[in-house]
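Structure record follows, encoded as C-alpha cells.
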Amino acid sequence: ALPWPGFQEAVESALSDAFTATRAAGDDASDPATLPASLIAGALNARQFVRRTTDAGGLVGSEEMRRAPAAPASGAADEAPGPIPDPASLPAPAAPAGVESFTLIPFESLKLADGRGANRPWLQELPDPLSTVMWGSWVEVATADADGLGIHTGDIVRLTGTAAEIELPAIVLPTVRPGSIGVPVGGGHTDYGRYARGRGVNVNALLDPDRRVAGAGAFARGDLRVRVERLRRPRRSERPVICTGCEACVVACAAENNIQTVGEEQAREGRAMHWLRIERYYEGEFPDVRTRFMPVLCQQCGAAPCEPVCPVYATYHNPEGLNAMVYSRCIGTRFCANNCPYTVRVFNWFDAEFPAPLDSQLNPDVSVRPGGVMEKCTFCVQRIQAGKDEAAQEDREVADGDVKTACQQSCPTKAIAFGDLDDPDSEVSKWAESPRAFSLLGDLDTRPGVVYLSGTEWREPAE
C-alpha cells in the first residue's frame with residue numbers, strides 16, 4: 001500500500017518536503033532536493049507554499065529554473081557548461097527562401113511527456129487539455145497568424161525546416177504567441193509498441209543537428225524557424241470534439257468502469273467512450289488570455305429528459321436520485337442521447353476489446369458492456385454499494401466520506417466532492433448552499449444533481 005491516501009496528499013507531501021529542504025539549505029542550492037529560491041519567495045510556511053503551487057497548477061518559475069547541465073562525459077573539465085541560454089539570444093537560422101517563417105517551439109505534452117507514454121492507449125485516447133487532440137500530433141497556431149494564413153482548426157499544414165518537413169493538422173488557439181508555433185514531442189515512433197507505432201509525427205526531425213547548445217548535449221529548442229504552408233482541409237475534423245482539464249479524473253473513470261479505447265479512426269469519428277469530459281473556455285485575448293475548465297458528466301437530473309423517451313425503460317430514476325442504466329434492457333435506439341442537453345451519453349458502437357495484457361486491468365465489480373448499448377456516468381454505483389455493505393457489516397449508517405468516486409479520488413486538488421445532498425452536514429450540501437453554487441443549464445429545469453462552484457484563483461497578496 002502507498003503511504004498516501006490519495007494523489008493530492010502525495011503531491012502535497014512532495015511539495016512540503018521540497019519547501020522544507022529549500023528553507024534549510026539557505027543559499028546552498030547544491031542539494032538536488034531543493035528548489036530555486038524564487039519559487040518559495042513570499043510563502044510564510046510549507047502549507048501556504050503548497051496551496052499557492054497547487055492553485056497555480058504546478059511550479060511556475062523564472063530563469064533560476066534553468067539548471068546548469070552536468071559536465072559532458074568526455075572529461076573536458078576546462079569546458080564546464082554554463083546555464084542553457086535563452087533561445088532568443090541565439091542567432092536565428094536562415095528562413096526558407098522567399099517565405100515568412102515562424103519560430104518552432106517543440107514541447108512535451110501533458111499525456112505523452114517526451115514520448116514515454118506513447119504506447120499507452122489510455123493516454124493516446126486522452127484529449128489534450130488545450131487542443132483536445134487524441135491519437136496523434138498537431139501544430140498549435142496563434143489566432144492572428146491563422147487568420148493571416150487562412151488556416152482553420154483541422155486543416156492539414158506542412159512545416160518545412162532546414163533539416164526536413166512534416167505534415168500534421170493545425171489547431172488554432174488564442175494562447176499561442178503570435179509569430180510562433182508549437183508542436184508536441186513524443187510522436188512518430190517506428191518501433192515502440194503497437195499503440196505508438198505510426199502515431200503522429202516526430203517533430204525532432206525538423207531540428208537541425210548542428211544547432212546544439214554547447215556542453216548541454218541537446219537541441220536549442222525554440223531557436224528554429226520553419227515555413228508553415230496550408231495544404232488542405234479534410235472532409236472531417238482531424239481532432240475530436242471533447243475538451244479536458246487535468247485529465248486525471250478522465251483516466252480514473254476509464255480504469256474504474258472498464259471503458260474501452262476505440263482507436264484513432266473511431267475517435268476521429270467522434271465515437272470516443274469517455275463518460276467524463278472537461279470543457280475548456282478562453283477568457284481575454286493574448287497575452288492576457290486565461291483558460292477555464294469545467295468538468296461535465298451525467299448530471300443525474302431529478303427531471304431527466306432521457307428517461308421518458310426510452311421505449312424499454314433501460315434508463316430510469318432509482319430511489320436514491322440516480323439516473324440508472326440497465327444495460328441488458330438497452331436496445332440502442334439512442335433516443336436518450338438525443339434528448340440529453342448535456343451530451344454526456346455515449347453509444348458503444350462495437351464490442352469492447354481488451355487484448356492481453358490489458359484484460360488483466362479490468363475491474364471485476366463492473367460489467368464490460370456489449371456493443372450496441374448506451375453508456376454514461378453512474379456516479380460509481382459499485383462504490384456506493386460497497387460503502388453500503390461496509391456500513392451494514394459495522395451496523396451503522398453510511399457516513400459522509402465513506403464513498404469516493406474514482407474521479408473524486410484521483411483529483412489532485414480535491415475539486416470534486418461526492419455525498420448526500422439531503423444531509424445538511426455533508427460536504428456537498430454545504431457546497432450547494434454556497435453563494436458561488438450554480439447548476440449547468442439550470443434554466444432548463446432538469447433539476448441536476450451536480451452542483452458547480454464559480455471559480456476562484458490564487459493571487460499574490462498586495463505588498
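One table, with the values for the structure above:
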| read-out | value |
| --- | --- |
| Odd one out for Asp351, checked against (1) surrounded by 14 or more Cβ atoms within 10 Å (Cβ to Cβ); (2) over 30 Å from Arg447 (Cα atoms) | (1) |
| Condition broken by Gln393, with the remaining ones in (1) within 22 Å of Asn363 (Cβ to Cβ); (2) surrounded by 12 or more Cβ atoms within 10 Å (Cβ to Cβ); (3) more than 29 Å from the chain's Cα centre (by Cα) satisfied | (2) |
| Boolean, Gly161 is at pLDDT 85 or above and not hydrophobic (A, V, I, L, M, F, W, C) | no |
| Pairs, first on the phi > 0 side of the Ramachandran plot in the stretch 331-342, second assigned to a loop (DSSP other than H, G, I, E, B) and of a type in the set (Val, Ile, Thr), C-beta under 7 Å, six or more apart | Gly332/Val373 |
| Tally of residues being in contact with a strand residue (DSSP E or B) (Cβ under 6 Å, 6 or more places away or on another chain) and of a type in the set (Lys, Arg) across the stretch 314-368 | 2 |
| Test: residue in the stretch 397-420 that is more than 30 Å from Val11 (Cα to Cα) and either at pLDDT below 85 or surrounded by 12 or more Cβ atoms within 10 Å (Cβ to Cβ) (or both) | no |
| Any hit, the stretch 129-142, residues being modelled with pLDDT under 85 and touching a Ser or Thr at 6+ places or on another chain (Cβ under 6 Å) | yes |
| Candidate set: the stretch 421-457, residues that are of a type outside the set (Lys, Arg), part of a loop (DSSP other than H, G, I, E, B) and in contact with a Gly (Cβ under 8 Å, 6 or more places away or on another chain); chosen: the one modelled with the lowest pLDDT | Leu421 |
| Number of the condition not met by Met134 [criteria: (1) within 10 Å of Arg230 (Cα to Cα); (2) in a loop (DSSP other than H, G, I, E, B)] | (1) |
| Hey, Val289 under 30 Å from Thr143 (Cα atoms), touching a residue at least 12 places away in the same chain (Cβ under 8 Å) and out of contact with any His (no Cβ under 9 Å at 6 or more places or on another chain) or not | yes |
| Filtered residue count, the stretch 387-414, keeping only those that are in a loop (DSSP other than H, G, I, E, B) and more than 16 Å from Pro5 (Cα to Cα) | 7 |
| Single match in Ala272, Ala196, Ala255 (criterion: modelled with pLDDT of 90 or more and buried (at least 18 other Cβ atoms within 10 Å of the Cβ)) | Ala272 |
| Ser429 vs. criteria out of contact with any helix residue (DSSP H, G or I) (no Cβ under 6 Å at 6 or more places or on another chain), farther than 24 Å from Cys253 by Cα and either surrounded by 14 or more Cβ atoms within 10 Å (Cβ to Cβ) or touching a residue at least 12 places away in the same chain (Cβ under 8 Å) (or both) | no |
| Filter result (in contact with an Asp or Glu (Cβ under 9 Å, 6 or more places away or on another chain), aliphatic (A, V, I, L, M) and part of a strand (DSSP E or B)) within the stretch 156-197 | Ile156, Val157, Leu159, Leu168, Ala170, Ile171, Val172, Leu173, Ile181, Val183, Val185 |
| Residue that is farthest from the chain's Cα centre (by Cα), among those in the stretch 289-319 that are of a type in the set (A, V, I, L, M, F, W, C) and in a strand (DSSP E or B) | Val296 |
| The stretch 322-360, residues that are under 17 Å from Cys310 (Cβ atoms) and of a type in the set (D, E, K, R) | Arg329, Arg334, Arg345 |
| The stretch 199-218 - residue that is surrounded by 18 or more Cβ atoms within 10 Å (Cβ to Cβ) and under 30 Å from Thr143 (Cα atoms) and, of those, modelled with the lowest pLDDT | Leu207 |
| Ala255 being among the aliphatic types (A, V, I, L, M) and out of contact with any Lys or Arg (no Cβ under 8 Å at 6 or more places or on another chain) | yes |
| Subset tally (residues that are aromatic (Phe, Trp, Tyr) and in a loop (DSSP other than H, G, I, E, B)) for the stretch 320-336 | 1 |
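To keep it simple, each residue is scored yes or no on (1) at pLDDT 90 or above; (2) touching a Pro at 6+ places or on another chain (Cβ under 7 Å); (3) in a helix (DSSP H, G or I); (4) more than 26 Å from Ala267 (Cβ to Cβ).
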| residue | (1), (2), (3), (4) |
| --- | --- |
| Ala356 | no, no, no, no |
| Val368 | yes, no, no, no |
| Gly371 | yes, no, no, no |
| Phe379 | yes, no, no, no |
| Arg383 | yes, no, yes, yes |
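The values are calculated or read from the model by the stated rules, or taken from the named source; none is laboratory data. Predicted model only: the values in this text are computed from it and were never measured. Here the Cβ is made from the backbone with ideal geometry for all residues, glycine too, and neighbour counts use every protein chain on show.
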